[in-house]
Amino acid sequence: MDSSAWGLLAYGAWTTAWISGISIAIGVLLGLIVALLRVARIPVVHQVLGTYISLARATPLVTLVLFIFLTAPTMGLDINRNVAGIIALTLNTTAFNAEIWRSAFNNFSPEQREAALAIGMTPWVYFRRIMLPQITITSLPGLVNEMSFLIKGSPAVAVIGVVDLARVTNRISAVTYEPLPPILAAAAMYMVMISLLVWLQRLAERKASRLAV
Amino acid sequence: MSNWEILWSSRDVFLQGFYNTLQLFGISAVLAFLLGSVMVFLLEGSRPRLKIPLRIFIDGMRMLPFLILAYLLYYGLPSVGIRMSAWYAGLTALVLYHGAYFAEILRGCRTTFPLGQVEAATAQGFSLPTMFLRIIWPQLILKTRGLMGNQLIILLKDTAFLVIITVRELTAAANSLSSTYFIPMEAFIVVIGFYWLISIGLEQFIKLIGRYGAKRGFENA
Amino acid sequence: MPETAAVSIRKLSKSFDGTEVLRDVSLEVQPGEVVSILGSSGSGKSTLLRCINWLEHPDRGDIHIAGDRIGVSDSGKLMSRRELAGMRARLGMVFQGFNLWPHLSVMRNVTEAPIHVQGLSKAEADERAMALLEKVGMVDKREQYPYTLSGGQKQRVAIARALAMQPKVMLFDEPTSALDPELVGEVLGVIKDLSKEGYTMVLVTHEMEFARAVSDQVVFLDKGIIIEKSHPSEFFVNPKTERVRRFLELEALVV
C-alpha cells in the first residue's frame with residue numbers, strides 16, 4: 001500500500017471515530033434520561049419506552065441505518081448520510097444504555113437515601129450528590145462495554161455509503177486490486193480502538209468494585 | 001394499489017429473504033455453538049500449545065467488527081486463492097465470529113466451577129472427554145443460557161451485515177423492494193417486525209430452558 | 001416547664017398494614033438529656049426513632065423539635081421537601097448499618113451536607129470536619145474510602161458526619177448491633193464522650209450496661225406502648241412491671 005492508501009485509511013478511521021463518538025455521547029445521556037423516565041413508571045410513557053427498547057434491541061443496525069436513510073426523505077426530512085448514520089447508531093445504543101442505567105438504579109441501596117434525608121438533604125441534592133455519582137460509577141463498566149459494541153457495529157453505516165474505516169478498504173482495493181492489505185490494516189486499527197476501550201473498562205471495573213461496601 | 005397491497009403482492013420476496021435469514025441463522029448458530037464448545041473442551045486440561053493460539057483467536061475475534069471478518073473472507077481470501085460464494089463466506093464468518101464469543105461465554109462460566117466436581121468425576125474413572133460431555137457441558141449450557149440467548153440475538157442481527165457482501169437475506173429483500181416500488185417505510189416496518197418476532201421467540205426459548213434448569217436448582221443465568 | 005423540650009412527642013400512633021406498631025406514645029427529651037429506648041425486637045423502638053425525623057410518617061400525634069413541629073407546617077399541610085430537609089438538619093441520625101456514602105472519602109462524607117445543605121465554604125466545612133474526626137479518632141483515616149474501614153471505624157465516621165450539621169439532637173438507631181463484639185467498645189466510647197459534653201441524645205440500643213451508664217431517662221416499649229419510663233437507677237434496680245423484670249433477667253442471661 002502506498003501513502004495515499006494510508007491516508008485514506010486514516011480518513012476512514014477518523015470518520016468511524018467521530019461518528020461513533022457523537023453517537024456514544026448522545027446515547028449515554030439519552031440512555032440516562034430514558035432510564036429515569038422508566039424508573040418513574042409514568043403510565044403510557046413507560047410502555048412506549050419499553051416497546052422502543054425491545055424493538056431497538058431486536059433490530060439489526062444495518063436495517064436501522066437503511067430504514068432511517070430511506071424513510072427520512074419520504075417524511076420530508078432532508079438528512080445526509082452521516083446524520084442518518086448517527087441517528088441510527090444513537091437509537092441503537094440508547095436502548096442498551098438505558099437498560100444499563102436502569103439496572104444500576106434498581107440495585108441502588110435505599111439506606112443511603114435515608115442517610116441523606118436524615119442529614120437534611122432535599123431529594124434533588126440527594127440525587128445529584130449521592131445517587132448519580134455512584135450510579136455513574138457502577139454503570140460505567142457496562143457503558144464502556146456497550147461503547148465497544150457500538151464501534152463493532154458502526155460499519156453498518158457503510159451500507160448507505162458513509163466512507164468509514166470498513167468501507168474505505170473497498171475504495172483502496174478498487175485502485176490497487178489488492179483487497180487483503182487494506183482489510184488487514186483496517187482490522188488492526190479497529191483492534192487498537194477496541195483494546196483501548198477494553199482497557200478503560202478494566203479501569204472502570206476496578207473503580208466500581210470499590211463501591212461494593 | 002396502496003403501498004401495503006404492493007407489499008402483499010410481492011410477499012414472495014419477503015418470505016424468501018426471511019427463509020434465507022432463518023437458514024443462515026439456524027445453521028450458523030448450531031455450528032458456532034459446537035465450535036465454541038470444542039474450543040472450551042480444548043482449553044480443558046493442560047495443553048499450552050493449544051491454549052495460546054486459542055486465546056489469540058478468541059480475543060482477536062472479540063476485538064473485530066463482524067463486517068471486517070466478512071470482508072476478509074469474501075474480498076480478502078480470493079487473493080490467496082480461496083474463493084467462496086457470498087453465502088458461504090457469510091456463513092463461515094458467522095460461525096467463526098460467534099464461535100469465539102460462545103467460547104468466551106462458556107470459558108468464563110467454566111472458571112467458576114468448584115474443583116471438586118472434576119475431582120469427583122476423575123475419581124470415578126471418567127475420561128476427560130466423557131467427563132466434559134457428561135458433567136461439565138450440560139451445566140455450562142444451563143448456567144450460561146441468559147448470555148447465550150443474548151449472543152444468539154446478536155448473531156441474528158449480524159446476519160443483516162451480509163447484505164453488504166451481497167447475500168440475499170431479509171434486509172436485502174426490504175432494500176430491493178423499497179427501491180423498486182419506492183415504499184421504504186412499509187417495507188422496512190415489515191422486516192423489522194420479522195426480526196422482532198424471531199428475537200421474542202428466542203427469548204421465550206431461553207425462558208423454557210430456564211424452567212428446565214430451575215427444576216435442577218440452576219436459578220441464575 | 002423550665003425551657004422548651006428538645007424533642008416533644010405527643011400521642012404518637014403508627015400502623016404498618018393494619019398492625020399497630022406505636023400506640024399513643026408520648027415522650028419529652030430535655031436539652032442535654034440522654035434518653036435510651038429499650039424493648040425486645042418488634043416492640044416499635046426503631047419506628048419511634050425514625051418517626052422523630054419523619055423517615056416514617058406517623059398516623060396520629062405530633063412531634064416538636066425545639067418547639068417547631070416536624071412534618072406538618074403551621075398551616076396544617078404536609079411540609080414541602082425543602083422545609084422537611086431544614087427540620088431534619090436539626091437532627092443527627094446514626095444508623096445500624098452505618099450508611100456511609102461509598103463514593104466519598106471519610107473527609108468528604110463528613111463535609112458533604114455542610115457544604116451542599118448548609119452552604120458552608122469548603123474551608124469552613126473542612127475545619128469543622130477535622131475537629132469532629134479528631135473527636136472520633138479518625139483524623140489519620142480522613143483520605144480513605146469507606147470500603148477500607150472496619151465496622152467500628154465506619155460507625156465513628158457516621159457519628160462525625162451526623163455531628164457536622166451541628167444538630168440539636170442526636171438519634172442513634174442500634175449503633176452497635178451490626179458490629180463484631182470487639183468493635184462495640186470504640187463506638188460506645190465515642191457516644192459516651194458525647195454524653196459528657198452535654199449533647200442531647202436519643203438512643204435505641206441493646207447494650208444494657210451502656211444504657212445504664214449514660215442515660216438520664218430509660219424508656220421501655222412493649223408492643224408499641226411505653227410501659228415504663230424512669231431513671232436508670234430505678235429502672236435497672238427496681239423495675240415497676242413484671243414485663244421489664246423478665247426482660248432484664250433474659251438480657252442478663254444472654255450477657
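The values are calculated or read from the model by the stated rules, or taken from the named source; none is laboratory data. Because the structure is predicted, anything quoted here is derived from the model rather than measured. All Cβ positions, even for glycine, are placed from backbone atoms using ideal geometry, and neighbour counts span all protein chains on display.
Restricting the range C:102-130 to residues that are surrounded by 21 or more Cβ atoms within 10 Å (Cβ to Cβ) and in contact with a Leu (Cβ under 9 Å, 6 or more places away or on another chain) leaves a set whose member that is modelled with the lowest pLDDT is C:His103. Condition test on B:Phe33, is it within 13 Å of the chain's Cα centre (by Cα), within 14 Å of another protein chain (Cβ to nearest Cβ), touching a residue at least 12 places away in the same chain (Cβ under 8 Å) and surrounded by 13 or more Cβ atoms within 10 Å (Cβ to Cβ)? It is false that B:Phe33 is within 13 Å of the chain's Cα centre (by Cα), within 14 Å of another protein chain (Cβ to nearest Cβ), touching a residue at least 12 places away in the same chain (Cβ under 8 Å) and surrounded by 13 or more Cβ atoms within 10 Å (Cβ to Cβ). If only residues of the range C:144-191 that are within 14 Å of another protein chain (Cβ to nearest Cβ) and charged (D, E, K, R) are counted, the one that is nearest to the chain's Cα centre (by Cα) is C:Asp173. Among residues of the range C:15-31 that are over 15 Å from C:Glu56 (Cβ atoms), those with a Cβ under 6 angstrom from a residue that is at pLDDT below 95 and not in a strand (DSSP E or B), sequence gap 6+ or separate chain, pair up as C:Glu28/C:Ala5; C:Val29/C:Ala6; C:Gln30/C:Ala5; C:Pro31/C:Ala6. Restricting attention to the range C:214-254 and to residues that are assigned to a strand (DSSP E or B) and of a type in the set (Val, Ile, Thr), the residue that is surrounded by the fewest Cβ atoms within 10 Å (Cβ to Cβ) turns out to be C:Ile225.
For the range C:86-96, check the following and say yes or no: at least one residue is within 14 Å of chain A (Cβ to nearest Cβ), aromatic (Phe, Trp, Tyr) and closer than 22 Å to C:Glu197 by Cβ.
yes
Of the candidates A:Ile151, A:Ile194, A:Ile183, the single residue that is touching a helix residue (DSSP H, G or I) at 6+ places or on another chain (Cβ under 7 Å), surrounded by fewer than 21 Cβ atoms within 10 Å (Cβ to Cβ) and at the interface with chain B (Cβ under 9 Å from one of its Cβ atoms) is A:Ile194. Among the residues of the range A:108-155, those identified as closer than 18 Å to A:Leu211 by Cα and basic (Lys, Arg) are A:Arg113, A:Arg128, A:Arg129.
Annotation note: Cβ proximity below 6 Å between a residue of the range B:161-186 that is closer than 27 Å to B:Pro65 by Cα and a residue that is in a loop (DSSP other than H, G, I, E, B) and modelled with pLDDT of 85 or more (sequence gap 6+ or interchain) occurs for B:Leu162/B:Glu169. For residues in the range A:136-148 being surrounded by fewer than 20 Cβ atoms within 10 Å (Cβ to Cβ) and within 13 Å of chain C (Cβ to nearest Cβ), which is nearest to the chain's Cα centre (by Cα)? Only one residue tops the list, namely A:Thr136.
Given (1) more than 13 Å from every other protein chain (Cβ to nearest Cβ); (2) modelled with pLDDT under 90, where does C:Glu83 come up short, assuming only one miss? Failing condition for C:Glu83: (1).
Would you point out which residue out of A:Ala166, A:Ala208, A:Ala204 is more than 30 Å from C:Gln144 (Cα to Cα) and of a type in the set (A, V, I, L, M)? Result of the check over A:Ala166, A:Ala208, A:Ala204: A:Ala166.
Within the range B:155-168, can one find any residue that is in a helix (DSSP H, G or I), among the small types (Gly, Ala, Ser) and buried (at least 18 other Cβ atoms within 10 Å of the Cβ)? Yes. Is it true that B:Phe194 is within 7 Å of chain A (Cβ to nearest Cβ) and either in a helix (DSSP H, G or I) or within 17 Å of the chain's Cα centre (by Cα) (or both)? No: the conditions fail for B:Phe194. Within the range C:72-96, the residues that satisfy the criterion of being farther than 29 Å from C:Leu183 by Cβ and basic (Lys, Arg) are C:Lys77, C:Arg81, C:Arg82, C:Arg90. In the range A:3-12, the count of residues that are part of a helix (DSSP H, G or I), within 21 Å of A:Thr136 (Cβ to Cβ), within 13 Å of chain B (Cβ to nearest Cβ) and not hydrophobic (A, V, I, L, M, F, W, C) is zero. Condition check: more than 30 Å from A:Leu140 (Cβ to Cβ), among the β-branched types (Val, Ile, Thr) and either free of Cβ contacts under 8 Å to residues at least 12 places away in the same chain or not in a strand (DSSP E or B) (or both). Does C:Thr111 satisfy that? Taking the combined requirement at face value, the residue does not satisfy it. Given the criteria charged (D, E, K, R), more than 10 Å from every other protein chain (Cβ to nearest Cβ) and either closer than 21 Å to B:Leu77 by Cα or without any contact (Cβ under 8 Å) to a residue 40 or more places away in the chain (or both), does A:Arg202 qualify? So A:Arg202 fits the description; yes.
Can you spot a residue in the range B:45-57 that is surrounded by 18 or more Cβ atoms within 10 Å (Cβ to Cβ), in contact (Cβ under 8 Å) with a residue 24 or more places away in the chain and within 28 Å of A:Leu61 (Cβ to Cβ)? No: zero hits.
Going through (1) more than 12 Å from every other protein chain (Cβ to nearest Cβ); (2) over 24 Å from C:Asp222 (Cβ atoms); (3) crowded, with 17+ Cβ neighbours inside 10 Å; (4) of a type in the set (S, T, N, Q) one by one, C:Ser43 falls short only on (2). Checking each residue in the range A:53-66 for being over 13 Å from A:Asn97 (Cα atoms) and either in a helix (DSSP H, G or I) or more than 10 Å from chain B (Cβ to nearest Cβ) (or both) picks out A:Leu55, A:Ala58, A:Leu61, A:Val62, A:Thr63, A:Leu64, A:Val65, A:Leu66. Considering every residue within the range A:116-135, establish whether at least one is surrounded by fewer than 19 Cβ atoms within 10 Å (Cβ to Cβ), away from chain C (no Cβ under 14 Å) and over 29 Å from A:Leu184 (Cβ atoms). Checking the range A:116-135: not a single residue is surrounded by fewer than 19 Cβ atoms within 10 Å (Cβ to Cβ), away from chain C (no Cβ under 14 Å) and over 29 Å from A:Leu184 (Cβ atoms). The residues in the range C:131-166 that are over 27 Å from A:Ala208 (Cβ atoms), of a type in the set (Gly, Ala, Ser) and in a loop (DSSP other than H, G, I, E, B) can be counted, and the count is 2.
Determine whether A:Phe69 is of a type outside the set (Asp, Glu) and more than 10 Å from chain B (Cβ to nearest Cβ). So A:Phe69 does not fit the description; no. Would you confirm, using the coordinates I've provided, whether B:Gly60 is within 14 Å of chain A (Cβ to nearest Cβ) and not in a loop (DSSP other than H, G, I, E, B)? The answer is yes for B:Gly60.
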